[in-house]
Amino acid sequence: MGLQGSKSGDPMRRKSLILALPLVLLTGFAARRASLQQYDIQDPKGANGFSFSMIDGLEPIHGQGNDVSGSIMLDLEHPEKSKGKVVVGIKALKLTSDVMTNNMMGEWCLDAEKHPTATFEVTSGKVRKATNGEYEGTATGNLTLKGITKVVSVPVTARLVKGGVKERFGDKDGDLLMFSTKFTFNRFDYEIGKAVKQELLSNKVEVRLSCAGMLYR
């Protein structure tokens, strides 16, 4: 009798589990979505920007730009799983003189007409959450420049500022994700000025980028 009672209860238990499964999945999905936040890289004040320098050659190069866009998908529970894409407008680059700027845009160097943007798409990372909403670590992803893509790892620091949008602009509610990086790449890897010897033009390009991502409420 005991065995028969156990068998007769099995279908009910299975039915209960089947009915409960969608609820469990939906709850997990909702929690997962709540931990993901998309921050759009934009700044009405135009403060987002980047700079680069090549200083080891006989001809030092310094430049900067403010055409930066993209988005960061921040995973609050697992920051190392965060993704993102940063897009830089090449034609917005300005060097220390108009002559040098125009030369740099040429086919021999950045070839801005054919390749108007450079991108860095994050695919993985080693990030830890520090105190006061700060994050630090390494982001690994695809750096595409002049149509050539290489996998690189760059150091990153980030700070999540709750209510930062209203604090900066005063008219809308939202949070800010401030992030920055500094890294170096070899220009020959991207065929930039490949005919120019490194004694004249440094092969090492140092890049600095500092941006704000916004999440409106």
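The values are calculated or read from the model by the stated rules, or taken from the named source; none is laboratory data. Since we're looking at a predicted model, the values are computed, not measured. Note that we place each Cβ from the backbone using ideal geometry, even for glycine, and neighbour counts take in every protein chain shown.
Can you confirm whether T138 is touching a Pro at 6+ places or on another chain (Cβ under 7 Å) and either buried (at least 17 other Cβ atoms within 10 Å of the Cβ) or over 21 Å from M54 (Cβ atoms) (or both)?
Criteria met by T138.
Would you mind stating whether T149 is assigned to a strand (DSSP E or B) and over 18 Å from G213 (Cα atoms)? Explain how you work it out, then say what you get.
Details: assigned to a strand (DSSP E or B): yes; over 18 Å from G213 (Cα atoms): yes.
Yes: the conditions hold for T149.
Specify the residue that is modelled with the lowest pLDDT; the eligible residues are those in region 143-189 that are surrounded by 18 or more Cβ atoms within 10 Å (Cβ to Cβ) and of a type in the set (V, I, T).
So, considering only residues that are surrounded by 18 or more Cβ atoms within 10 Å (Cβ to Cβ) and of a type in the set (V, I, T), the one modelled with the lowest pLDDT is V165.
Exactly one condition in (1) under 18 Å from the mean Cα position of the chain (by Cα); (2) free of Cβ contacts under 8 Å to residues at least 60 places away in the same chain; (3) at negative phi is false for L93; which is it?
Evaluating L93 over (1) under 18 Å from the mean Cα position of the chain (by Cα); (2) free of Cβ contacts under 8 Å to residues at least 60 places away in the same chain; (3) at negative phi leaves (1) as the failure.
Could you tell me how many of the residues in region 119-142 are in contact with a Phe, Trp or Tyr (Cβ under 9 Å, 6 or more places away or on another chain) and at pLDDT 95 or above?
Here the count works out to 3.
So which residues in region 91-104 are out of contact with any Lys or Arg (no Cβ under 8 Å at 6 or more places or on another chain) and assigned to a helix (DSSP H, G or I), if there are any at all?
Taking region 91-104 first, the residues out of contact with any Lys or Arg (no Cβ under 8 Å at 6 or more places or on another chain) are 91-100, 102-104.
Hits for region 91-104 are K91, A92, D98, V99, M100, N102, N103, M104.
Which of the numbered conditions does R128 fail, given that it passes all the others? Conditions: (1) surrounded by fewer than 16 Cβ atoms within 10 Å (Cβ to Cβ); (2) of a type outside the set (A, V, I, L, M); (3) over 18 Å from E206 (Cα atoms); (4) in contact with a Leu (Cβ under 7 Å, 6 or more places away or on another chain).
Just one mismatch for R128, condition (4).
Give the residue, chosen from S210, S202, that is touching a residue at least 60 places away in the same chain (Cβ under 8 Å) and not in a strand (DSSP E or B).
Values: S210 fails: not in a strand (DSSP E or B).
Only one candidate passes the filter, namely S202.
Only one of E167, E136 is under 20 Å from G213 (Cα atoms), out of contact with any helix residue (DSSP H, G or I) (no Cβ under 9 Å at 6 or more places or on another chain) and assigned to a strand (DSSP E or B); which?
Sole residue among the options that is under 20 Å from G213 (Cα atoms), out of contact with any helix residue (DSSP H, G or I) (no Cβ under 9 Å at 6 or more places or on another chain) and assigned to a strand (DSSP E or B): E136.
In this structure, is V165 of a type in the set (A, V, I, L, M, F, W, C), farther than 30 Å from I55 by Cα and touching a strand residue (DSSP E or B) at 6+ places or on another chain (Cβ under 6 Å)? Spell out the reasoning first.
Numbers: of a type in the set (A, V, I, L, M, F, W, C): yes; farther than 30 Å from I55 by Cα: yes; touching a strand residue (DSSP E or B) at 6+ places or on another chain (Cβ under 6 Å): yes.
Against the criterion (of a type in the set (A, V, I, L, M, F, W, C), farther than 30 Å from I55 by Cα and touching a strand residue (DSSP E or B) at 6+ places or on another chain (Cβ under 6 Å)), V165 qualifies.
Hey, can you tell me all the residues within region 184-200 that are farther than 20 Å from G147 by Cβ and either touching a helix residue (DSSP H, G or I) at 6+ places or on another chain (Cβ under 7 Å) or not hydroxyl-bearing (S, T, Y) (or both)?
Hits for region 184-200 are K197, Q198, E199, L200.
Go through region 201-216 and report how many residues are surrounded by fewer than 17 Cβ atoms within 10 Å (Cβ to Cβ), closer than 30 Å to Q37 by Cα and touching a helix residue (DSSP H, G or I) at 6+ places or on another chain (Cβ under 9 Å).
Result for region 201-216: 1.
Just checking, how many residues over region 184-199 are under 25 Å from V68 (Cβ atoms), touching a residue at least 40 places away in the same chain (Cβ under 8 Å) and either outside any helix (DSSP H, G or I) or not acidic (D, E) (or both)?
Going through region 184-199 one residue at a time, the tally reaches 6.
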